[in-house]
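A short worksheet on the structure shown next.
The values are calculated or read from the model by the stated rules, or taken from the named source; none is laboratory data. This one's a predicted model, so the numbers in the text were calculated from it and none came from an experiment. No Cβ is skipped: glycine too gets one built from the backbone with ideal geometry, and neighbour counts run over all protein chains shown.
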Amino acid sequence: MDKKEEIPAKDYETGLDIARRYATQYLFDFYDILLHEILTTLVDRPATIMSLFEAARWAPSSYNNQPWRFIYAKKNTPYWDKLFNLLAEPNKVWTKYAAVLVVIIARKNFEHNEKYSITHQFDAGAAWENLSLEAYSRGLAVHAMQGFDYQQARTDLEIPDNFDVMAMIAIGRKWPKENLPLQLQETEQPNDRKPLTEVVMEGQFRK
C-alpha cells in the first residue's frame, strides 16, 4: 500500500467511499499538493494528462452540450508563466511546486441554437469532478481555486466573451506539510461537511 494512504481502501469501493476518501485526503488538504517526482509522470508523459481530460469529457451535460473547456500549462514549458502569473500571491507559494495548472471555462450558450444555457456552469462542475476523481484514482492530488485574476485570464488567454471563466486547478502529488511555510502548515486540517439535515429538505425550502 502506498505510504501516503491514511484511510485504507476497500477491495470494492462505492462512489461514496471514493468521495469521502478523496475529500478527506486531497481536495481539502489545502496547499498540500506539492511537486515530488511528478514532472516525470505528468510533464514528460502527456498521455497521463490527457487521461484526466478524457474522464472530464464524459461528464453529463444539458442537451449533451459539453460546455467545458480546459486551458492547461505544464511546468517547465513556455505556457507555465502565463497561467502561474494569474495567481494571487498566496497561491503562488504552493502552486509553484505543482506540475500542471488548468483554467476551466464554460460556454454560456448552446452550440445548436446559441440560446443561453442556464446549466453551463453546473455542467462544467460535473466535468471538473470527473477530472478530480480520475486524478485521485491515479495517485495524484488536485486543488481548485478562485484565487487568481479572472479578467486578466480572459485577456491573456484570449478567452471569448461567450465563455465564463470558472476556476483554476493545480495538479501534482502530495508532499509532507512540513515542507510548507509555517503559516500554511497551520491551515493543513481536513474540512468537515454540513450534516444532511442542514442541506436536504423534503417538499420545500426550509430556513
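I want to confirm something. Restricting to region 65-122 and keeping residues that are among the β-branched types (V, I, T) and in a loop (DSSP other than H, G, I, E, B), which single residue is modelled with the lowest pLDDT?
Checking each candidate, the answer is T77.
Residue check, I169 against (1) at pLDDT 75 or above; (2) surrounded by fewer than 17 Cβ atoms within 10 Å (Cβ to Cβ), all met but one. Which one?
Failed condition: (2).
Let me confirm something: among V102, V93, which residue is in contact with a strand residue (DSSP E or B) (Cβ under 6 Å, 6 or more places away or on another chain) and not aromatic (F, W, Y)?
After applying the criteria, what remains is V102.
This table checks each residue for (1) under 28 Å from K82 (Cα atoms); (2) outside any helix (DSSP H, G or I); (3) at pLDDT 95 or above.
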site: G125; (1), (2), (3): yes, no, yes
site: E129; (1), (2), (3): yes, no, yes
site: A153; (1), (2), (3): yes, no, yes
site: W175; (1), (2), (3): yes, yes, no
site: D192; (1), (2), (3): no, yes, no
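Checking S117 against (1) surrounded by fewer than 19 Cβ atoms within 10 Å (Cβ to Cβ); (2) over 18 Å from the mean Cα position of the chain (by Cα); (3) not aromatic (F, W, Y): exactly one of these is not met. Which one?
Here S117 meets the rest and fails (1).
Being within 30 Å of P190 (Cβ to Cβ) and touching a residue at least 24 places away in the same chain (Cβ under 8 Å) narrows it down to one residue among T119, T95; which is it?
Just a single option satisfies the conditions, and that option is T95.
For region 45-64, give me each residue that is in a loop (DSSP other than H, G, I, E, B) and not polar (S, T, N, Q).
R45, W58, A59, P60
Which members of region 138-151 meet the condition of being aliphatic (A, V, I, L, M) and either out of contact with any Leu (no Cβ under 8 Å at 6 or more places or on another chain) or modelled with pLDDT of 90 or more (or both)?
Scanning region 138-151 gives A141, V142, A144, M145.
Restricting attention to region 155-165, report how many residues are charged (D, E, K, R), surrounded by 14 or more Cβ atoms within 10 Å (Cβ to Cβ) and not in a helix (DSSP H, G or I).
Here the count works out to 1.
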